[in-house]
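Each reported figure results from applying straightforward, stated rules to the coordinates on display, with no laboratory input. Keep in mind that this is a model prediction, so the values were computed, not measured. Positions of Cβ are backbone-derived with ideal geometry, glycine not excepted, and every protein chain shown enters the neighbour counts.
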Amino acid sequence: MTRVTEPFAVASGSVLHPVNDKTSKLAGHGKEPTEPALTPLGSPPEPPVSPHGDEAIHTGPEFAVGEGDVRSAEAGEYVAGSSLWKDAWRRLLRNKLAVFGMIVVILLVVASLAGPTIIKRVTGYSYDLIPKEETLNKSFPPFRAADGSFSWTHPMGTDNAGRDILARVLSGGQISLMVALIATLVSLVIGISYGATAGYLGGRLDDLMMRIVDVLYSLPYVIIVIVLLALLPAKTPTGQLAELFIALGAVSWLTMARIVRGQVMSLKNQEFVLAARATGVSTTKIIFRHLVPNTLGPVIVYATLTVPTVMLSEAFLSFLGLGVRPPRVSWGSLAADGAQNLAIYPWQLIFPGLTMALMLFSLNFLGDGLRDALDPQMRRE
Amino acid sequence: MNAMSSNGKLLSVRNLRTYFETEDGLVKAVDGIEFELGRGETLGIVGESGSGKSVTSLSLMRLIPDPPGKIVAGEVKLNGDDLLKLSPAEIRDIRGKRIAMIFQDPMTSLNPFMRISKQLMEVTQLHLGHHRAQAYEHAIDMLEQVGIPDARARADGYPHELSGGMRQRVMIAMALSCQPELLIADEPTTALDVTIQAQILELIKRLKSDTGASVILITHDLGVVAGMTDHIVVMYAGKIFECAPTAELFAQPGNPYTHALLRSVPDPTAREQKLYQIPGLPPDLAHLPMGCPFAPRCERAEELCHREFPPFVKLTREHYSLCHFANEVYAQANAKPGK
Amino acid sequence: MLRFIIRRVIIIIPMLFIIVSLSWGLIRLAPGNFYTAEKKLAPSVEANLRQKYGLNKPWYVQYGRVLWNMARFDFGSSLKYEGQSVNQILLRAFPVSAALGLSAYLLALGVGITTGTLAALRQNSWIDYASMALAMIGISIPNFVLGPLLVLLFGLTLFWLPPALWDGFPSKSIVLPAITLSAIYIAYIARLTRSGMLEVMRSDYIRTARAKGLSESKVVTRHALRGGLLPVVSFSGPALAFLITGTVVVERVFALPGLGNYFINACFNRDEPLIIGIVAFIAISVLAFNLLVDIAYGFIDPRIRY
């Protein structure tokens, strides 16, 4: 499930070239020595740089006009060094949806990290606290106390055992976030190393490595992951989580490897690489110290796409009972619990579900915004 | 629709203004253009990137994308009918039938997913009411006329199977399928090999004399217009800077910009020559300076030029120049030999 | 083209081999057995069970037997569902999943492509913003949340549609599951179509088509759609992998007797033959489908030559 990436940007001004291999075939077709390198669907030729400082007169893609010399200030390409990132940051901030997404994400993260502790102080409930009194061992709707009166104790109500749902949702957030981040990190590490190595070494080794990726890409090995996770005994929670990280990370590194390989291949013939080699820098250092940092743009974008995808994967695995096991909670397992009592106590599902949707929603907007902000550098690959 | 035009000219353009709304402000890509074209004549529109030449041609056919562009003023009369006043259905009727256009990059201007024959057939089926077999035969015929070898076999293929020069020929065939009165060629050879360029230009010349069409040839390359055109219009920053019959423009330019353009064409016969380049870069159309748009780069610019917009000076009956010092430049050009 | 197809078909065999071996290996390596899941058994009973299911033979013999049987398409009998052969179960469960998956994807294509095209043609209008916002929501709500919510609304509150269980096909019982499953695909396909169409509409050959005097609708349908939908076609391959996991969840939520549900149960029950059977089946289907998508792509884009 985590293999498919969302390849295109929503905003009109930029289109990220899809990562899926098929459409990249298009770029290679019909190239003639006499013709400028254009995308197969055509774009106007680029006019010369303007005299106005940073601003380059740039062909805006909106114009099907032969000239296109009418837009300026897409400064990214012509300015070297740190201002690339500053530019991207500025562009990101202009995108209101992305900023909204970023704020919500930050809020949710803070709430998940600090929330459970605060709640414990205020109401005394934690995610696994089952009240001793029997009368409290049932599911209350939000903001209601045992006798039906209004109460601040349980803003999201309680589950069947009387545990506070808000505390559980926030704790679940901790786990979901942690799994998502670490699994993404795993896939980043594997993907970057693999892709950069393949791209730099090139030749037969590269062919072989990419063949393997191709083969793995078409295996439905989420199925294997399910088998793996189902068969694991419910041992110590940490042990369980470790497998989960690895399993999830192992599924999503493929596309990252492809992206990084593509970037490295286009970078490796540049002069700074030659210079490094001429001064005797070792291959590993070249790959990791010189080339990889320059691939950060697409890597960041893909990473922000991977996080919500992995989060979703963890959630549905937990929903099926394969992911996070009790007593730990994640949004997925909360949804599973809630789904059972849907008819009678719908809030048990609604709150975890909506929280998760909100998180994914914001992450996606943020990801889109990042992609647009970084896009001018990642022209049509 | 065949009304007699007011002065026997095929095309008459008056005060054409096409503006674009961009993030940076209002860009006046074409700002008050006027020219005429007689039947069977070839007009060259010459200018650097950003001068407005392509926007002009797209404006004639009303192909300007509506946001962000808009033809805000002007009159474009084709045989007396003002194209800018026609309804969308009427202008669609004219496109491809009475005016046709070929574009710069034949690789991307042909639909890569459609057979060549089909792309040609579309035009005649639409405008001439051909049925399938008729359109097909006509398509083959056109392909042969433009010099595609083995046309019948090629017709069922796809554009990517042809070379650049061949594709441009296909575009020409497509454009001339309905025998238009006017053919607009927007940088038809820029994306092609030098050797192919000459062939394509010859082809256009031949077809033009065969069909009696008028041609507007848009290019940045003076060499291209030299042998092809009757009149030339030089554009810069959305305005016409000079217009004159071709021979006269080359022999005796009346505008510093034209003069500079001519100077920058390298002369292989001159002994020791530093390559001349017009200093500076084309202006930012969203923020044009006061006064003459070329003043920042002009060798003869004086204080007046930066302050006041130059007049459109009539030098001879058919030769005009936009410059404060048009007459001087014109006279000086006469005194100096060559270029 | 033919050689390409043959090559791809041949590759299926080693891939299948890998997948099945992996699955089998995992099942064997994991502690516990299908019969220990429930209660502790007396040693003699256990010995008998092992004998019956051939578990007392060395591992390579068992492995060989599994492969040999697979080659004959004989996956044995289910360990959990007494008396039913795996093939029987597969035949019963597959149509359910297929009906679900197919309806969901067709729905996704229909709604997604239409919405995406409209959004692209009316860029920056309210249609555009509204549909992209909806698409974003579709991507963000997990199917195991959307499903129950839809059930809550349409099944338990409005009583328009059945909340769960399978009623054969075609019947109302497929509606909510199909919608739930398709939601995320509608979103992805709408976005892909929109950006694909936007890119195509900016291209030079569309300008040429307009210059020929074609009406805007002809320009879109005859010239733009084909190129603009290419990303959707290439998305369909990997989408199937998505779809399978989605089907698993949806079948769980709605208690549908499809492959996904059987698969999860088999995993929990350590029902080895059933697991292997379903895995092999899914693997073949996915590989075959991917091949079909690649072939379709080759037909649509004449520049691709295999």
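Give me the log10 of I(q) over I(0) for chain B at q = 0.08, 0.12, 0.16 Å⁻¹, as the Debye formula computes it from C-alpha points; what are the numbers?
Rounded to two decimals, the profile gives -0.40, -0.89, -1.43.
Filter B:K9/B:K70; B:K28/C:K218; B:K70/B:K118; B:K97/B:K118; B:K28/C:K212 down to the pairs with a C-alpha to C-alpha distance above 22 Å, please. Please report the intermediate quantities before stating the final value.
Numbers: B:K9/B:K70 26 Å; B:K28/C:K218 31 Å; B:K70/B:K118 32 Å; B:K97/B:K118 17 Å; B:K28/C:K212 27 Å.
In this structure, B:K9/B:K70; B:K28/C:K218; B:K70/B:K118; B:K28/C:K212 exceed 22 Å between Cα atoms.
Got a sec? How would C:Y81, A:Y217, C:Y262 order by Cβ neighbour count within 10 Å, fewest to most? Walk me through the intermediate numbers first.
Details: C:Y81 17, A:Y217 20, C:Y262 28.
Lowest count first: C:Y81, A:Y217, C:Y262.
Restricting the calculation to Cα positions, tell me the Rg (one decimal) and the Dmax (whole number) of region C:79-200 in Å.
Every Cα atom of region C:79-200 included, Rg and Dmax give 17.7, 61 Å.
What's the exposure ranking of C:V248, B:V13, going from fewest to most Cβ atoms within 10 Å? Provide the component values of the computation, followed by the final result.
Details: C:V248 25, B:V13 22.
In increasing order of surrounding Cβ atoms, one gets B:V13, C:V248.
Taking region B:148-263 as the region of interest, what is the percent of Cα-Cα pairs per 5 angstrom bin, listed from the shortest bin to the one with the maximum distance?
Computed distribution, short to long bins: 2, 10, 20, 19, 17, 14, 8, 4, 3, 1, 0.
From the residues A:T158, A:G115, A:L136, which one has its Cα farthest along the dipole of the protein assembly as shown in the positive direction, the dipole being from +1 and -1 charges on Cβ of Lys/Arg and Asp/Glu about the Cα centre?
With unit charges placed on the Cβ atoms, the residue in question is A:L136.
Taking only Cα atoms of region A:91-380, what ratio of Rg to Rh do you get with Rh as the Kirkwood inverse-distance radius? Please list the in-between numbers first.
Working: Rg = 22.7 Å, Rh = 21.2 Å.
Value, to two decimals: 1.08.
Run the quick spin-label model on C:S217 and B:F309: label points 7 Å from Cα toward the beta carbon, then report their separation in nm to one decimal.
That separation, rounded to one decimal, is 4.4 nm.
In Å, the Kirkwood hydrodynamic radius of chain C over pairs of distinct alpha carbons? If you can, show how the numbers build up before the last one.
Numbers: mean 1/r = 0.0450 Å⁻¹.
This gives a value of 22.2 Å.
Just counting partner chain Cβ atoms within 10 Å, what average do the residues of peptide C:246-255 show around their Cβ?
So the per-residue partner count for this stretch is 3.
Relative contact order, percent, of chain C when contacts are C-alpha pairs under 8 Å separated by at least 6 residues? Present the calculation step by step, with values, prior to reporting the outcome.
Values: 332 pairs, mean separation 81.9, N = 306.
For chain C, the relative contact order is 27 percent.
Determine, for C:I6, B:I91, the number of other Cβ atoms within 10 Å of each Cβ, and report the residues in order from fewest to most.
Starting with the residue having the fewest Cβ neighbours, the order is C:I6, B:I91.
May I ask you to list the residues of region C:173-198 whose amide nitrogen lies under 20 Å from a point 7 Å from Cα along the Cα→beta-carbon direction of C:T157?
Answer for this model: C:175-181, C:183.
Taking the Cα centre of chain B as origin, sum charge times position over the Cβ atoms of Lys and Arg (+1) and Asp and Glu (-1), and report the length of that vector in debye to the nearest 20.
380 debye
Need the list of aspartates and glutamates near A:K86 for cross-linking: C-alpha distance under 19 angstrom, and skip anything on the same chain fewer than eight residues off.
Result set, ordered by chain and number: A:D54, A:E55, A:E74, A:E77, A:D368, A:D372, A:D375.
Once both labels are modelled 7 Å past Cα along the beta-carbon direction, what's the C:S171-C:Q123 spacing in nm?
Reported label-point gap for C:S171 and C:Q123 is 4.9 nm.
At a Förster distance of 60 Å, what's the computed FRET efficiency of B:N327 paired with B:S163, Cβ-Cβ distance as r, to 0.05? Each step should come with its number before you reach the end.
Values: r = 49 Å, r/R0 = 0.81.
Taking R0 as 60 Å, the efficiency between B:N327 and B:S163 is 0.75.
Size of the dipole of the protein assembly as shown about the Cα centre, Lys and Arg at +1 and Asp and Glu at -1 on the beta carbon, nothing else charged, in debye to 20?
Numbers: 94 positive and 85 negative charges, 570 e Å.
That gives a dipole near 2740 debye.
Show me the three semi-axes of the equivalent ellipsoid for region A:164-278, from the C-alpha gyration tensor (sqrt of 5 times each eigenvalue), largest first, rounded to whole Å. Don't skip to the end; give the middle numbers.
Working: eigenvalues 254, 65, 21 Å².
Semi-axes (√(5λ), whole Å): 36, 18, 10.
From the Cα trace of the protein assembly as shown, what convex hull volume per residue do you get, rounded to a whole Å³?
Values: hull volume 227.5 nm³, N = 1026.
Residue-normalised Cα hull volume stands at 222 Å³.
Report P(r) for region B:1-124: all Cα-Cα distances, bin width 10 Å, range 0 to the bin holding the largest distance, values in whole percent.
11, 38, 35, 15, 1
For a quick size check, give me the Cα extents of region A:235-331 along its three principal axes, largest first, whole Å.
57, 24, 15 Å, listed from the longest principal axis down.
What is the distance in Å between the Cα centres of region C:122-182 and region A:328-377?
So the two Cα centres are separated by 16 Å.
For Cα pairs less than 8 Å apart in space and 6+ apart in sequence, what is the mean separation divided by the residue count of region A:237-345, i.e. the relative contact order in percent? Could you put the intermediate results ahead of the total?
Numbers: 66 pairs, mean separation 31.5, N = 109.
Relative contact order of region A:237-345: 29 percent.
Run lengths n ≥ 4 of DSSP H only: what is the helix-derived mean residue ellipticity at 222 nm for chain B, with -39500 (n - 2.57) per run over all residues, to the nearest 500? Before the final figure, lay out the partial values.
Working: 13 runs with 115 residues, N = 339.
Roughly -9500 deg cm²/dmol at 222 nm, from the helical runs in chain B.
Determine the calculated [θ] at 222 nm for chain C from helices alone, applying -39500 (n - 2.57) to every DSSP H run no shorter than 4 residues and normalising by the residue count; nearest 500 deg cm²/dmol. Show your work: numbers first, answer last.
Details: 12 runs with 214 residues, N = 306.
-23500 deg cm²/dmol, from helical runs alone.
Within a 10 angstrom radius of each residue's Cβ in C:223-230, how many Cβ atoms of other chains show up on average? Whole number is fine. Don't skip to the answer; put the middle values down first.
Details: counts 5, 2, 1, 4, 7, 1, 0, 5.
Across the residues of C:223-230, the mean count of other-chain Cβ atoms within 10 Å is 3.
Over all residues in B:280-286, what is the mean tally of Cβ atoms on other chains that come within 10 Å of each residue's Cβ? Don't skip to the answer; put the middle values down first.
Values: counts 2, 7, 6, 5, 10, 7, 5.
Other-chain Cβ atoms within 10 Å of each residue's Cβ, averaged: 6.
How high is the FRET efficiency from A:A275 to C:V45, r the C-beta distance, R0 60 Å, rounded to 0.05? Before the final figure, lay out each step's value.
Values: r = 74 Å, r/R0 = 1.23.
Taking R0 as 60 Å, the efficiency between A:A275 and C:V45 is 0.25.
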